[in-house]
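What follows is one structure encoded as structure tokens, with my remarks underneath.
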Amino acid sequence: MVQPAKLDADRPLRVGVVGVGVMGSNHARVFGRSARRQAHRRGGPGQQAARFRFEGARAALRSAALTPLLAEGVDAVTIAAPRIFIRNWRSPASSAACMCWWKSRSRRRWKRDAQSSPRPGSAGVALMVGHVERFNPTVEAIKDAIRDEDILSIAITRVGPFPPRMSNVGVVIDLAVHDIDLIRWFTGSEIAEVQPQLSSAVAEREDIALLQFRTASGVLAHINTNWLTPFKARNVTVATRNKYIMGDLLTRQVTECFGFQPDGSYSMRHLSVGHAEPLRAELQAFVGAIRSGKEPAVTGEEGVASLEIAIRCLESRALPSVARRRAGPRRLTG
């Protein structure tokens, strides 16, 4: 793989943020806070060498073309907008580092984008996919706890109320794709078998998904996700031959059960979890890859692989909606 070119650490890093919605605003907030801290450390607002410059808030979401942004001379772009709102997103990838989220209305377009996405490093730039959960301190603690362990099973719950902002995708693309990435990252293995159960209760697209997987290494995994639960819940459990790990991504608590005895007794302890903001850690990793020229934390290949599994879940089997099922089976006539 051709590595991205290393950027001079002493020159200003100009970052463009595409998308002025919830995620784009959060990106601008994190970058702006980093800029103020670095400017202060380097001698106050007059010192420009360490400052980030934002060009992305100049346009509304529906006119989020990248070419005018790149004309401003940015070094990097974070794309925090649905795919259907972004024009010409591939061509600019050859001239600036890119961090992106794929959010597309069409399954066919998803698949086409996945198959034709630029390969990281192919144009000498960094391409990083925004799987922010990898930077959640709770997830990092779980990852450390299962390192070198023989993983048997993984269960992930990611549920909550329907988000009014979401209209172009269902729960598999909006939520489960992040957990698919975690399963692949935890196990270091590709997903070989997919058994999805999907349903639509209140939304136009699937709002309930029960997804079962088997990795190439033999790990069984399960994802429970929906937009019907009146409160948010984000839980991860991992069973290994020696441990049972329980993590709550919202409260940032991780509990490890170990030392299993024939009489059913075992020991339990709470693991230390950091307090870093996941988005800030993610964007720092993105900037670090640009500065160093090293491979990004979540590569384009990894993003495409998880996306393809999500597409398989959508295409493998589509169940009727809850409303239609409640109507009862149709009576056969001779």
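What number of residues within region 187-198 satisfy the criterion of being assigned to a strand (DSSP E or B), surrounded by fewer than 20 Cβ atoms within 10 Å (Cβ to Cβ) and in contact (Cβ under 8 Å) with a residue 40 or more places away in the chain? Number satisfying all stated conditions: 3. If you filter region 145-177 down to residues that are free of Cβ contacts under 8 Å to residues at least 60 places away in the same chain and assigned to a helix (DSSP H, G or I), you find that the one that is nearest to E277 (Cα to Cα) is L175. It is to be established whether one or more residues within region 209-224 are polar (S, T, N, Q), more than 27 Å from G300 (Cβ to Cβ), crowded, with 16+ Cβ neighbours inside 10 Å and out of contact with any His (no Cβ under 6 Å at 6 or more places or on another chain). Yes, that holds for at least one residue. For region 252-259, state whether one or more residues are surrounded by 16 or more Cβ atoms within 10 Å (Cβ to Cβ), within 15 Å of the chain's Cα centre (by Cα) and of a type in the set (D, E). There is no residue in region 252-259 that is surrounded by 16 or more Cβ atoms within 10 Å (Cβ to Cβ), within 15 Å of the chain's Cα centre (by Cα) and of a type in the set (D, E). Comparison of R184, R119, R108 shows that the only residue that is surrounded by fewer than 21 Cβ atoms within 10 Å (Cβ to Cβ) and at pLDDT 60 or above is R184. Checking I245, I223, I208, I290 one by one, the residue that is touching a residue at least 60 places away in the same chain (Cβ under 8 Å) and not assigned by TED's automatic domain parsing to the domain that holds T138 is I290 and no other. The criterion of being charged (D, E, K, R), surrounded by fewer than 19 Cβ atoms within 10 Å (Cβ to Cβ) and either in contact with a Gly (Cβ under 7 Å, 6 or more places away or on another chain) or modelled with pLDDT under 95 (or both) holds for E295.
The values are calculated or read from the model by the stated rules, or taken from the named source; none is laboratory data. Note that this is a predicted model, so its numbers are computed, not measured. Cβ sites come from the backbone with ideal geometry, for glycine too, and all protein chains shown count toward neighbours.
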